[in-house]
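The values are calculated or read from the model by the stated rules, or taken from the named source; none is laboratory data. None of these values were measured; they are calculated from a predicted model. Because the Cβ atoms are built from the backbone with ideal geometry, glycine has one as well, and the counts that use them run over all protein chains shown. In case anyone asks, the SASA skips ligands and DNA or RNA and just uses the protein heavy atoms, side chains included. Shrake-Rupley method; radii C 1.70, N 1.55, O 1.52, S 1.80 Å.
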Amino acid sequence: MTFTSLLRTAWAQQNSLLTLGLDPDLNRLPEALKGSATGVYDFCTGMVDACAPYVSAFKPQFAYFASIKAEDQLERICAYIKQHHPHLPIIMDSKRGDIGSTARHYALEAFERYGADAITVSPYMGHDSVEPYFEWKDKGVIVLCRTSNPGGSDLQFLQVDGMPLYLHVAKLVAEQWNAHTGQCALVVGATFPDEIAKVRAVVGDLPLLVPGIGAQGGDIPATVNAGLDSQGAGMMINSSRAILYASAGNDWQDAAARVAKQTRDAINAAR
């Protein structure tokens, strides 16, 4: 099954477009887990179990694990998701971008070491830098397009052949890079709903990974109205900190589940 097929099945079965980002911050872990050698693993798997009824994918942010030397715990977290929630895709958010020989090793890392179903990549070194990921034909390649950070406009609004660079990237991915239909998707931030609509108009039903709701303040109705595909889905709307850190007390799982359900419901209301 291709990544897109897996994703569409999850959207339908879960009745959810919500993706949960796994961004473990040691300073914000629940008090009961601080100082524990397995605190990151326990926190993330606890979040996975609590929020699984309300989400359609999980998105570990690689840097949060690597910076605290928790890659081994990330491996175990991904294996846990595969064992206990195999119907929910894992998106490795590592935003890789390097020459082809190096990219092949990044692909091995994401798809073989961690068992991820998709990876985020940068397009700015061109096709040969993303081509190695396409060798795994059942895996997803999610290309940065219009990012949610304010500085994204520094480059993404540059004009290329009469259109902003981010739309050129969207068109390139949809029309040329998505040779094995079902592999490609795009990152488009919720903080720019007008740009989401422009990307959707260019790429048809290509899936969109949409960060920026929750802690970053993206407007849910505006985001949903701009980004739905022709089937009323088509979006991986990510929330991380607003759900993960809803409580640092003993109710941390219950609080996260409550916020995840509220977010899922708000997205569905806008659909």
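Could you list, in sequence order, all residues of the stretch 124-140 that are more than 16 Å from the chain's Cα centre (by Cα) and either open to solvent by less than 50 Å² (accessible area, probe 1.4 Å) or of a type in the set (Phe, Trp, Tyr) (or both)?
So the first thing to find is which residues in the stretch 124-140 are more than 16 Å from the chain's Cα centre (by Cα), and the list is 124-138.
Those that are more than 16 Å from the chain's Cα centre (by Cα) and either open to solvent by less than 50 Å² (accessible area, probe 1.4 Å) or of a type in the set (Phe, Trp, Tyr) (or both): Tyr124, Gly126, Ser129, Val130, Pro132, Tyr133, Phe134, Trp136.
Ser5 meets the conditions (1) assigned to a helix (DSSP H, G or I); (2) in contact (Cβ under 8 Å) with a residue 60 or more places away in the chain; (3) surrounded by 14 or more Cβ atoms within 10 Å (Cβ to Cβ) in every case but one. The failed one is (3). Among the residues of the stretch 141-155, those identified as under 24 Å from Ala110 (Cβ atoms) and open to solvent by 10 Å² or more (accessible area, probe 1.4 Å) are Leu144, Thr147, Ser148, Asn149. Considered as a group, the residues in the stretch 29-70 that are of a type in the set (D, E, K, R) and in contact with a Ser or Thr (Cβ under 9 Å, 6 or more places away or on another chain) include one that is most open to solvent (accessible area, probe 1.4 Å), and that residue is Asp42. Condition first: more than 15 Å from Phe3 (Cα to Cα) and not in a helix (DSSP H, G or I). Now tell me which residues in the stretch 100-120 satisfy that. Correct list: Tyr114 only. None of Ile196, Ile243 is buried (at least 24 other Cβ atoms within 10 Å of the Cβ) and closer than 16 Å to Lys59 by Cα except Ile243. Among residues of the stretch 181-206 that are on the phi > 0 side of the Ramachandran plot and of a type in the set (Gly, Ala, Ser), those with a Cβ under 8 angstrom from a residue that is open to solvent by less than 10 Å² (accessible area, probe 1.4 Å) and not in a strand (DSSP E or B), sequence gap 6+ or separate chain, pair up as Gly182/Phe3. I need the full set of residues from the stretch 247-264 which are part of a helix (DSSP H, G or I) and surrounded by 15 or more Cβ atoms within 10 Å (Cβ to Cβ), in order please. Matches in the stretch 247-264: Trp252, Gln253, Ala255, Ala256, Ala257, Arg258, Val259, Ala260, Lys261, Thr263, Arg264.
Residues in the stretch 201-241 that are touching a Leu at 6+ places or on another chain (Cβ under 7 Å) and in a helix (DSSP H, G or I): Val202, Val203, Gly227.
In this structure, does Gln73 turn out to be of a type in the set (S, T, N, Q), open to solvent by less than 40 Å² (accessible area, probe 1.4 Å) and in a helix (DSSP H, G or I)? When the stated conditions are applied, Gln73 passes them. Would you mind stating whether Ala233 is open to solvent by less than 60 Å² (accessible area, probe 1.4 Å) and farther than 19 Å from Val187 by Cα? So Ala233 fails the test.
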